[in-house]
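S.K.: The structure's right below; bear with me while I get my questions together.
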Amino acid sequence: MSVSATTIPDPGFGGPIRFVRDTALLTARSLRAIPRVPERLLDVTIQPIIFVLLFLYVFGSAIHVPGINYKDYLFPGIIGQSLAFNAIGAGVATANDITEGVIDRFRSMPVNRLSIITAQVMGQFCEALLGMVIVVVFGLILGWTPHLTLVHATLLGGLMVLGTFAFVWAGVLFGMLVRSPDAMQGVGFIVVFPLSFMAGTFVPISGMAAIPRAIADWDPISALVASVRGLTEGFRSTGSLQLDHPEIAMALWCVAIIAICVPLALRRFNRTLAG
Amino acid sequence: MLDSTTPPTIEACGLTKRFGDFTAVDALDLRVESGTVVSLLGPNGAGKTTTVRMLGTLTRPDAGWARVAGHDVVREADRVRRAISLTGQFAALDKNLTARENIILMARLRGRTVRAARVVADELIERFQVGEFRDRLVKNLSGGERRRVDLAASLIDRPQLLVLDEPTAGLDPRSRQVVWSTIRELVADGVTLLLTTQYLEEADALADRIVLIDHGREIAAGTPAQLKAQVGEQRVDVVAADGAEFERLTATLAPRFAITALRDQRTVQVAAPDELADLARVLAAVEDGHIQVDEIALRRPTLDDAFLALTGKPIEGDPDYEPQEVAA
């Protein structure tokens with residue numbers, strides 16, 4: 001007698017009603033953590049705020065970007081970087097849940113499997129949006145003046161939601177792959193941190209040395225930063241095909257990240273994590 | 001379905017799980033009858049948790065099969081999940097929710113309405129004496145308190161099988177006693193229980209049947225009495241105050257008891273088949289002889305002793321393992 005363990009799909013679905021119900025319950029669980037672990041929200045807000053203060057009032061006097069006031073140059077960069085940092089936050093939270101065994105408990109219960117991971121993403125997504133709102137409000141208080149038409153605002157909002165969704169999924173995937181919150185912090189620091197600094201966030205890509213410039217030209221976060229800057233300030237970046245058309249590039253990057261990360265994350269959740 | 005015999009709650013055959021080159025569970029057979037308590041006993045890394053995870057649908061077996069409550073753990077995983085309640089090695093609760101919120105969440109996930117979930121949570125809080133810390137966040141609870149919340153959350157729907165993976169790991173002796181008495185109440189209620197533990201004492205105290213495993217294989221199985229008969233009896237260890245007293249101690253005890261004298265440790269080990277009665281006799285003999293002793297203790301056979309007796313070799317590399325003893 002044998003069991004062909006890997007060919008039979010997991011039957012833990014239980015219909016769309018249960019999916020919606022379980023997702024709502026588990027998302028509510030994640031959201032409850034926000035006021036109780038405020039330091040998690042601080043992670044995605046304090047850091048951008050510190051960077052704003054540092055770059056605006058410390059380094060900023062030495063940075064001159066032709067054609068734009070540095071404050072208006074800086075805030076779109078900070079917004080792009082904050083959005084990318086959500087990948088780290090989502091990864092750490094996911095790794096935490098896995099190491100604490102609470103996810104295993106849900107998995108051993110008659111709970112829709114897909115809803116466990118959907119709720120994880122939804123919770124992180126809401127947390128990310130809340131963090132973003134705080135960063136934007138902070139920017140407006142400090143005198144950042146975005147010039148938005150209704151069309152641009154809608155486009156920007158759509159891109160931000162899509163981008164947050166993509167980076168949160170990537171974070172959830174990495175959180176499951178590395179399994180420990182500390183390792184996730186490490187991965188975030190090594191991968192996301194430099195990419196988010198190179199992305200024309202604080203200084204123009206055109207002035208960088210050849211190697212970082214080559215990376216920055218095709219860094220997805222560059223497309224993100226350039227999109228925000230283009231839509232809010234009408235400031236266009238150039239240097240590569242994606243920087244010439246940042247909104248399209250960013251949408252394509254997000255779709256690609258989602259197309260790769262979602263199936264991998266689901267697979268990891270259902271199968272490898274179970275091994 | 002009308003059936004004259006109740007099928008076993010767990011039936012596993014040739015259950016195997018490999019992680020790369022490492023075989024965690026190696027063709028394990030297991031049978032747990034309905035209404036009984038079976039303990040999987042073994043050192044760290046013996047394959048206890050992996051076995052429990054396969055039975056609980058969290059890990060897929062590489063070979064073999066298992067049926068829980070009559071359902072295949074792979075093909076009918078969802079049915080198995082409805083029938084069981086699995087409690088992992090470390091209390092698997094949401095740290096950022098209170099004890100009560102955790103139980104309510106689990107009840108909601110098991111299909112209760114908000115109101116019904118509150119009712120069942122409050123019943124369980126009462127029953128497991130969670131009341132005094134019900135509104136504290138789980139992250140601020142002690143290990144023993146978390147365990148009680150964990151057990152309460154496991155019993156929302158009366159499960160056909162309750163699986164407890166090392167329920168007293170890391171608990172202080174008092175919390176351990178509380179968890180034990182809770183488990184005994186559940187057992188008296190007729191819950192079928194599969195329990196893993198590293199402590200022979202715990203398996204002995206709670207289980208109808210013990211399956212001793214190591215390297216993913218069954219080494220021995222039987223009732224606690226059968227297993228202990230194989231392991232050997234209890235003994236009384238008497239430690240003399242100094243070398244001269246050790247000589248007097250040996251001279252006093254040797255004619256009356258079966259003893260082993262360990263000169264380097266100034267210790268005389270006395271076989272104690274009658275347990276406390278033998279301890280009392282040894283105490284009386286020491287007192288009558290006015291012998292100065294540092295310590296007299298009744299020692300129960302430990303998992304170490306069981307391994308030694310059943311495999312002829314001690315447990316390998318087990319840094320967490322601490323022998324259990326009962327002081328007189």
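S.K.: If you wrap the stretch B:74-128's Cα atoms in a convex hull and average its projection over all directions, what's the area in nm²?
M.R.: Mean orientational projected area (the stretch B:74-128, Cα hull): 4.7 nm².
S.K.: Rounded to the nearest 20 Debye, what is the dipole magnitude of the protein assembly as shown about its Cα centre when Lys and Arg each give +1 and Asp and Glu each give -1 at the C-beta?
M.R.: Values: 58 positive and 66 negative charges, 492 e Å.
The dipole magnitude comes to about 2360 debye.
S.K.: In terms of the ratio Rg/(2.2 N^0.38 Å) built on C-alpha atoms, what value belongs to the stretch B:10-230?
M.R.: 1.00
S.K.: Calculate how steeply helix B:114-127 sits against the longest principal axis of the alpha-carbon atoms of chain B, using the helix alpha-carbon long axis, and give the answer as 0 to 90 degrees to the nearest 10.
M.R.: So the inclination is approximately 10 degrees.
S.K.: Could I ask something else about it? Find the all-direction average of the projected area of the Cα convex hull for the stretch B:25-67, expressing the result in square nanometres with one decimal place.
M.R.: On the way: hull surface 13.3 nm².
That works out to 3.3 nm², a quarter of the Cα hull's surface.
S.K.: Cross-link partners among aspartates and glutamates for A:Lys71, C-alpha distance below 12 Å, same-chain residues fewer than 8 apart left out?
M.R.: A:Glu233
S.K.: Measure nothing but the geometry: give the 0 to 90° angle between the long axis through the Cα atoms of A:38-54 and the longest principal axis through the Cα atoms of chain A, rounded to 10°.
M.R.: Taking Cα atoms only, the helix is inclined about 20 degrees.
S.K.: Per residue of the protein assembly as shown, what 222 nm ellipticity follows from adding -39500 (n - 2.57) for every DSSP H run with n ≥ 4, rounded to the nearest 500?
M.R.: Mean residue ellipticity, 222 nm, calculated: -16500 deg cm²/dmol.
S.K.: Looking at the stretch A:164-268 from every direction and averaging, what is the projected area of its Cα convex hull in nm²?
M.R.: That works out to 6.9 nm², a quarter of the Cα hull's surface.
S.K.: Next up: Using the Cα atoms as the points, what is the convex hull volume per residue of the stretch B:233-300 in Å³?
M.R.: With only Cα atoms used, the stretch B:233-300 gives 70 Å³ per residue.
S.K.: Starting from the exponent 0.38 and prefactor 2.2 Å, build the expected Rg for the stretch B:178-302 from its residue count and divide its actual Cα Rg by it.
M.R.: With N residues counted in the stretch B:178-302, Rg over 2.2 N^0.38 Å equals 1.34.
S.K.: Kindly provide the Kirkwood hydrodynamic radius of the stretch A:15-272 in Å, to one decimal, from all pairs of distinct alpha carbon atoms.
M.R.: Across the stretch A:15-272, the inverse of the average 1/r is 18.8 Å.
S.K.: Around B:Val293, under 12 Å between beta carbons, what's the net of Lys plus Arg minus Asp minus Glu among the other residues?
M.R.: Summing Lys/Arg as +1 and Asp/Glu as -1 gives -4.
S.K.: Expressed as a whole number of Å, what is the distance separating the alpha-carbon centroids of the stretch B:22-38 and the stretch A:203-275?
M.R.: Their Cα centres are 51 Å away from one another.
S.K.: Over the stretch B:10-230, what relative contact order in percent results from Cα pairs under 8 Å that are six or more residues apart?
M.R.: For the stretch B:10-230, the relative contact order is 30 percent.
S.K.: Would you list, by chain and number, the lysines whose Cα falls below 23 Å from the Cα of B:Lys48, excluding same-chain residues fewer than 8 positions away?
M.R.: B:Lys17, B:Lys228, B:Lys313
S.K.: Taking the Cα centroid of the stretch A:145-196 and of the stretch B:200-225, what is the distance between the two, rounded to the nearest whole Å?
M.R.: The distance from the Cα centre of the stretch A:145-196 to that of the stretch B:200-225 comes to 51 Å.
S.K.: Write down Rg/Rh for the stretch B:170-247, rounded to two decimals, with Rg from the C-alpha atoms and Rh from the Kirkwood relation over Cα pairs.
M.R.: Value, to two decimals: 1.13.
S.K.: Round to the nearest 0.05 the FRET efficiency obtained for B:Glu123 and B:Glu287 when R0 = 60 Å and r is the Cβ-Cβ distance.
M.R.: Values: r = 52 Å, r/R0 = 0.87.
Efficiency for this residue pair is about 0.70.
S.K.: How large is Rg over Rh for the protein assembly as shown, taking Rg from the Cα atoms and Rh as the Kirkwood inverse mean of 1/r across Cα pairs?
M.R.: 1.11
Every read-out reported here was derived from the displayed coordinates using simple, explicitly stated rules and does not represent laboratory data. All values derive from a computational prediction rather than experimental measurement. As a convention, Cβ positions derive from the backbone with ideal geometry for all residues, glycine included, and neighbour counts pool all protein chains shown.
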